[in-house]
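The values are calculated or read from the model by the stated rules, or taken from the named source; none is laboratory data. A quick note: this is a predicted structure, and the numbers were derived from the prediction, not measured. Heads up, the Cβs are rebuilt from the backbone with ideal geometry, glycines too, and the neighbour counts pull from every protein chain shown.
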Amino acid sequence: MSISTGRFYENKVKNFLVSKGFNIVKSNFYTPYGEIDLIAEKDHKIYFVEVKYLKKNKIINPVKKIDLSKIRRIFLSISYLKKFCRVVNYQVDSYSLYFKNGKLIFECYPDLRLH
């Protein structure tokens, strides 16, 4: 997937989150450990959001594209961010996007963790 395609679907999720009352704090936040697609806030909680898009209807869910290494890099990025600002109440969510019957589907997988 190209960077412009990724940004397009990240913007779809950004608009979706705003419509649900989230405040977008930062898009495409880069650290030495990698990128966090979106950082949002709602009800005094910070949400670190990973966005995955699957181009074609396939059996595999886009969230399956997030491996343990990617989750680890997200948590390392959060630890890096904590050096510069206070982050206490947070969670890591993944939004998967794909088309089904011509309609764009958003699925949220909340509270990803390292296991």
Which of the following residues is among the β-branched types (Val, Ile, Thr) and surrounded by 12 or more Cβ atoms within 10 Å (Cβ to Cβ): Val92, Val88? Val92
Given the condition free of Cβ contacts under 8 Å to residues at least 40 places away in the same chain and basic (Lys, Arg), answer yes or no: does some residue in segment 65-80 qualify? yes
Consider Lys83 against the criteria (1) out of contact with any helix residue (DSSP H, G or I) (no Cβ under 9 Å at 6 or more places or on another chain); (2) surrounded by 12 or more Cβ atoms within 10 Å (Cβ to Cβ): it satisfies all of them except one. Which criterion is unmet? (2)
Need pairs with beta-carbon distance below 9 Å; first residue within 15 Å of Leu54 (Cβ to Cβ) and within segment 92-115, second modelled with pLDDT of 90 or more and in a loop (DSSP other than H, G, I, E, B); sequence gap 6+ or separate chains. Ser94/Pro110
Only one of Ile74, Ile59, Ile66, Ile105 is touching an Asp or Glu at 6+ places or on another chain (Cβ under 8 Å), of a type outside the set (D, E, K, R) and modelled with pLDDT under 90, namely Ile66
Residues satisfying the stated conditions in segment 1-50, i.e. of a type outside the set (A, V, I, L, M, F, W, C), farther than 17 Å from Leu112 by Cα and assigned to a strand (DSSP E or B): Asn23, Lys26, Ser27, Asn28, Tyr30, Thr31, Lys42
Among the residues of segment 30-45, is any of a type in the set (Phe, Trp, Tyr), surrounded by 12 or more Cβ atoms within 10 Å (Cβ to Cβ), touching a strand residue (DSSP E or B) at 6+ places or on another chain (Cβ under 9 Å) and without any contact (Cβ under 8 Å) to a residue 60 or more places away in the chain? no
